[in-house]
1. Can you tell me which condition residue 236 does not meet? The list is (1) within 25 Å of residue 53 (Cβ to Cβ); (2) not in a loop (DSSP other than H, G, I, E, B), and all the others hold.
2. I'm trying to understand the selection: among the residues of segment 168-193, which are more than 19 Å from the chain's Cα centre (by Cα) and surrounded by 12 or more Cβ atoms within 10 Å (Cβ to Cβ)?
3. Could you tell me which residue of segment 61-75 is farthest from the chain's Cα centre (by Cα), considering only residues that are hydrophobic (A, V, I, L, M, F, W, C) and farther than 17 Å from residue 164 by Cα?
4. Hey, among the residues in segment 43-59 that are part of a loop (DSSP other than H, G, I, E, B) and in contact (Cβ under 8 Å) with a residue 60 or more places away in the chain, which one's surrounded by the most Cβ atoms within 10 Å (Cβ to Cβ)?
Amino acid sequence: MNLTLRSENGHIQLDDSFKESLRSENLMIDRFVERLLMTLQNDSNFHKIFCSEHISWDIIYNTLQIDNSAFPLKFASFKQLLLDFKVISDHPTKEFNKFIINGRYKKVFDKIVLPEIRKRKVGVEELMKSLEQKRINGEEAEIFVREFEEKRLKHKKEVDWVAEYSAAEGYDIASFETELSKKHDRFIEVKSYERTPYFYWSRNEMEIARIKKGSYYLYLVDRKKMDDEDYVPMMIQNPYLNLVETKNEQWRSVVDKIRFDFIG
């Protein structure tokens with residue numbers, strides 16, 4: 001980690017960049033943690049721990065969380081180090097068996113963890129080109145919706161791009177119905193298209209839409225119009241009710257795949 005260096009006279013001294021941190025214990029801890037994480041950014045084991053399989057977004061506490069299962073026995077000492085330095089802490093809901101990641105280090109995680117998560121999302125090599133384009137389209141639409149929501153709320157609320165860390169939540173953006181909302185109450189799944197609106201809806205997304213009812217939205221974004229200043233995406237509130245439970249003459253569903261389970 002290069003915290004110390006040997007001077008010309010043979011003395012061991014602290015790296016100059018850390019000297020200013022000695023005035024405050026919290027500042028010193030922050031600098032140590034940042035240097036530790038930056039040192040581990042090219043470590044494969046580090047990215048096995050902090051990967052999309054284990055990281056998710058806690059909508060209640062508005063922070064990142066990581067599964068306890070990310071730390072098998074061989075990483076127990078590393079987990080304890082992170083706990084001791086308050087990089088992670090026990091989740092308030094013990095039944096979740098997760099840890100909360102300290103928001104003070106989110107920018108560092110954004111810098112060293114996010115790029116690797118995005119890289120591993122791309123898929124197998126032979127599908128890389130098509131998947132990469134789909135990923136780019138999806139991320140651009142999600143960024144557009146996040147900015148659209150921030151403008152809709154007059155920049156008075158912090159809209160969270162949940163899909164930046166996890167694709168398992170069933171929605172991409174955690175937003176607010178109004179500027180007066182006290183907590184996230186608009187959960188947005190973003191779909192992009194060209195020409196005629198269409199989208200694919202996963203089983204998990206449908207289930208989350210069923211649970212969240214009127215607080216769940218589909219935003220359909222026309223990729224050709226995202227640069228138009230006044231463009232407003234198509235919004236479908238409570239899509240499970242309006243597309244699944246209720247017959248909607250404006251939409252038709254098409255079976256794209258059928259799953260078969262062997263039952264013996």
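Please treat every number below as a calculation from the coordinates, not as lab data. Every value quoted in this text rests on a predicted model; they were computed, and no experiment measured them. Neighbour counts run over all protein chains shown; Cβ positions are idealised from the backbone, glycine included.
1. (1)
2. Taking segment 168-193 first, the residues more than 19 Å from the chain's Cα centre (by Cα) are 177-182, 193.
Once the filter is applied, which keeps residues that are more than 19 Å from the chain's Cα centre (by Cα) and surrounded by 12 or more Cβ atoms within 10 Å (Cβ to Cβ), segment 168-193 yields 177, 181, 193.
3. Taking segment 61-75 as the starting set, the residues that turn out to be hydrophobic (A, V, I, L, M, F, W, C) are 64, 66, 70-71, 73, 75.
If we keep only those that are farther than 17 Å from residue 164 by Cα too, we end up with 70-71, 73, 75.
Details: 70: 16, 71: 20, 73: 26, 75: 23 Å.
Only one residue tops the list, namely 73.
4. First, pick out the residues of segment 43-59 that are part of a loop (DSSP other than H, G, I, E, B): 43, 50-54, 59.
Going one step further and asking which of them are in contact (Cβ under 8 Å) with a residue 60 or more places away in the chain, we end up with 50-52, 59.
Numbers: 50: 23, 51: 15, 52: 17, 59: 15.
Top of the filtered list is 50.
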